[in-house]
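The block underneath contains the structure these notes are about, expressed in structure tokens.
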Amino acid sequence: MSIQSNCRYLFILIFSVLLISGANDVFAQAADTVATDTTAAPKTKKKELAGHQLAIGIDLVHPVLNSLVSDRFGYEFALDYYTHNDLYLIAEGGWGGSTVDYSDLKYSTTNNFLRFGFNRSLLTRDRPTDWDMMFIGFRAGFADVSRSPATFTVLDSVWGSRPGIAAGKTFQAYWAELNAGMRVEFVRGLFGGWTARGKILFNGKSFNDLAPLYIAGYGKGDKNVAFDFNVYVSYGIRWKRKNVADTTAVAQKTD
Amino acid sequence: MTRAGKYFPFILFAFSGLWLACTQTRDPCLTPKIASFNVETMHLLTDTSTVFADTALPAAVFIPLARVDSNAGTIFPQQSDFTISLSPDSNVCRWQFTTDSFAFAFDTLTFYYQRNQQFISNACGFTYFYTLDSVHTTKHNIDSAHITNTSVTNNVNTKQLQIFIHPDF
């Protein structure tokens with residue numbers, strides 16, 4: 001078995017353990033919630049007690065990978081805003097590129113990308129100030145890719161090798177993602193977490209004349225399905241909701 | 001969920017990211033890199049027959065003309081299906097062909113075509129596919145040659161040319 005296969009199997013094993021671990025936590029918390037509900041009063045509309053939060057995050061995985069591989073690089077940032085009912089609006093962006101330097105194929109690419117979407121937390125809050133979460137989410141992604149002219153050689157044992165050139169090109173890539181992950185608050189406002197991503201490329205055929213080795217934000221440009229993950233460190237800026245602040249003030253006056 | 005319990009999967013997953021580095025080598029090329037020009041030989045069952053059948057030639061020989069390596073071509077014992085290639089250097093190329101390597105004259109097949117630059121994948125690189133325009137042949141052992149599919153790609157299952165051997169062979 002090759003080293004690559006070993007690595008893949010180990011990666012799958014770790015991912016499976018994490019999913020099972022996460023699922024256990026979610027089910028345990030759900031069970032607690034059900035037990036509490038049996039003694040609760042009739043359902044009323046849930047009041048949003050948590051404040052606003054805007055979190056800015058930086059991805060740590062890709063800078064590490066950049067130092068380990070020479071043929072591609074990428075940097076990613078994330079911005080999320082808590083709306084209500086455990087729903088977060090997400091904007092992510094970054095840049096990257098790739099350099100192909102094989103004996104029969106040479107070119108380079110650079111690209112910027114943006115992703116927009118949302119995360120939905122699966123964990124019930126212990127208290128309004130509890131910002132830890134496991135989540136699922138959706139993203140729509142867009143990348144603007146610029147590819148240099150490519151030089152190539154067709155190796156033919158009968159007729160001999162023939163060199164050629166493919167003209168440079170600028171093109172766009174569009175994809176959608178399903179995400180899952182978790183985020184925990186280490187100290188007040190400072191978070192760490194990971195996001196696993198499954199991606200589907202919509203317009204791969206439009207750059208089939210030379211699909212880029214790597215599109216930052218998506219993955220391998222010659223694959224219509226890609227998987228990726230990020231580890232984020234984020235900082236959250238918080239402020240109170242107006243209705244929550246008013247209620248608190250009225251309660252204090254009454255006292 | 002305890003704090004330690006929360007941190008555990010986070011830390012573990014962060015370390016697993018390092019394993020992605022294991023997959024960064026060039027993927028192996030799993031598709032043919034040279035376009036396959038697939039040829040089938042046929043003959044009339046009798047002089048007066050109109051029925052054609054596959055002809056397994058005893059020791060057919062294909063020799064590319066103007067090839068880089070000037071060694072002799074390939075001998076195909078007891079075959080009726082052959083795979084040859086077209087030159088990526090020009091819009092015309094020639095192959096010499098005989099039905100039997102022992103004491104039979106060679107025919108020359110001349111192919112005219114258009115070349116189309118084709119990206120296969122980052123693992124395989126580029127190649128050329130071809131669109132056949134016409135085929136000309138001498139007629140020592142060959143009665144005629146017909147193009148059945150003008151598109152020459154790396155699909156090994158599509159036949160592009162039928163060579164009809166003289167009935168008296």
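Note on the stretch B:127-149: among residues that are open to solvent by 70 Å² or more (accessible area, probe 1.4 Å) and in a loop (DSSP other than H, G, I, E, B), the one that is modelled with the highest pLDDT is B:148. Kindly evaluate residue A:178 against the criterion of being in a loop (DSSP other than H, G, I, E, B) and modelled with pLDDT of 90 or more. In short, no. Please go through the stretch A:169-182 and pick out each residue that is within 14 Å of another protein chain (Cβ to nearest Cβ) and open to solvent by less than 20 Å² (accessible area, probe 1.4 Å). Residues satisfying the conditions are A:171, A:179, A:181, A:182.
Considering each residue of the stretch A:147-161, count those that are more than 10 Å from every other protein chain (Cβ to nearest Cβ), crowded, with 21+ Cβ neighbours inside 10 Å and assigned to a loop (DSSP other than H, G, I, E, B), and give that number.
Looking only at that region, the number is 0.
From the list A:198, A:193, A:217, A:189, the lone residue that is closer than 13 Å to residue A:233 by Cβ and away from chain B (no Cβ under 14 Å) is A:189. The set of residues from the stretch B:104-123 being at the interface with another protein chain (Cβ under 9 Å from one of its Cβ atoms) and assigned to a loop (DSSP other than H, G, I, E, B) comprises B:122, B:123. The number of residues in the stretch A:183-205 being under 18 Å from residue B:122 (Cβ atoms) and either open to solvent by 70 Å² or more (accessible area, probe 1.4 Å) or assigned to a strand (DSSP E or B) (or both) comes to 3.
Is it the case that residue B:4 is under 22 Å from residue B:128 (Cα atoms), at pLDDT below 70, out of contact with any Pro (no Cβ under 7 Å at 6 or more places or on another chain) and open to solvent by 60 Å² or more (accessible area, probe 1.4 Å)? No: the conditions fail for residue B:4.
Residue count for the stretch A:125-142, restricted to those that are open to solvent by 70 Å² or more (accessible area, probe 1.4 Å), of a type outside the set (D, E, K, R) and assigned to a loop (DSSP other than H, G, I, E, B): 1.
The values are calculated or read from the model by the stated rules, or taken from the named source; none is laboratory data. Because the structure is predicted, anything quoted here is derived from the model rather than measured. All Cβ positions, even for glycine, are placed from backbone atoms using ideal geometry, and neighbour counts span all protein chains on display. Just so you know, the surface numbers come from the protein's heavy atoms only, side chains and all, with ligands and any DNA or RNA stripped out. Shrake-Rupley method; radii C 1.70, N 1.55, O 1.52, S 1.80 Å.
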